[in-house]
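Written out below as structure tokens is the structure these notes cover.
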Amino acid sequence: MNRDANIILLRPHITERSSLLSETGVYAFQVAPYATKADVAVAVLENYKLKVLSVRIVNLHGKKIIRGRTEGRSAGIKKAYVKVPKGSKIEFV
């Protein structure tokens with residue numbers, strides 16, 4: 001689908017694990033819930049001008065939250081792991 005790249009890639013997902021993966025050319029992004037692998041690949045190409053080798057998508061479910069007698073759920077997120085060619089880097093400011 002042809003969607004705006006800024007709506008597909010919400011923010012980089014920066015954790016200790018994603019920092020280690022970035023050394024091997026794999027970067028993690030939090031993406032929109034309706035984003036597909038093709039959408040993510042096009043968004044990275046538009047935003048960072050890099051060719052994408054592969055995209056892996058992970059759905060993280062929200063955690064259960066209890067406040068007193070009330071039970072609820074936190075919002076889940078959708079992550080995408082994007083692999084770029086050797087020698088290419090994405091700088092997050």
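Every number here is computed from the coordinates shown, using simple stated rules; none is lab data. For clarity, every value in this text was computed on a predicted model and none was experimentally measured. All Cβ positions, glycine included, derive from the backbone under ideal geometry; neighbour counts span all protein chains shown.
Quick notes
- Taking the listed residues 51, 83, 79, the one that is of a type in the set (D, E, K, R) and in contact with a His (Cβ under 8 Å, 6 or more places away or on another chain) is 79, with no other qualifying.
- All positions within segment 46-56 that are outside any helix (DSSP H, G or I) and either over 15 Å from residue 83 (Cβ atoms) or polar (S, T, N, Q) (or both): 49, 54
Residue-wise test of (1) in contact with a Phe, Trp or Tyr (Cβ under 6 Å, 6 or more places away or on another chain); (2) among the hydrophobic types (A, V, I, L, M, F, W, C).
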position: 49; (1), (2): no, no
position: 62; (1), (2): no, no
position: 68; (1), (2): no, no
position: 73; (1), (2): no, no
position: 77; (1), (2): no, yes
position: 80; (1), (2): yes, yes
position: 84; (1), (2): no, yes
position: 88; (1), (2): no, no
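- The residue that is nearest to residue 48 (Cα to Cα), counting only those in segment 10-24 that are touching a residue at least 60 places away in the same chain (Cβ under 8 Å) and assigned to a helix (DSSP H, G or I), is 22.
- Residues that are more than 11 Å from the chain's Cα centre (by Cα) and surrounded by 11 or more Cβ atoms within 10 Å (Cβ to Cβ) were ranked within segment 61-85; the one that is nearest to residue 10 (Cα to Cα) is 76.
- In the set 80, 28, 43, only one residue is in a helix (DSSP H, G or I) and either under 19 Å from residue 4 (Cα atoms) or in contact with a Lys or Arg (Cβ under 9 Å, 6 or more places away or on another chain) (or both); that residue is 43.
- Residues of segment 14-46 classified as surrounded by 14 or more Cβ atoms within 10 Å (Cβ to Cβ) and either of a type in the set (Phe, Trp, Tyr) or in contact with a Phe, Trp or Tyr (Cβ under 6 Å, 6 or more places away or on another chain) (or both), total: 4
- Any hit, segment 83-90, residues being part of a strand (DSSP E or B) and under 20 Å from residue 21 (Cα atoms): yes
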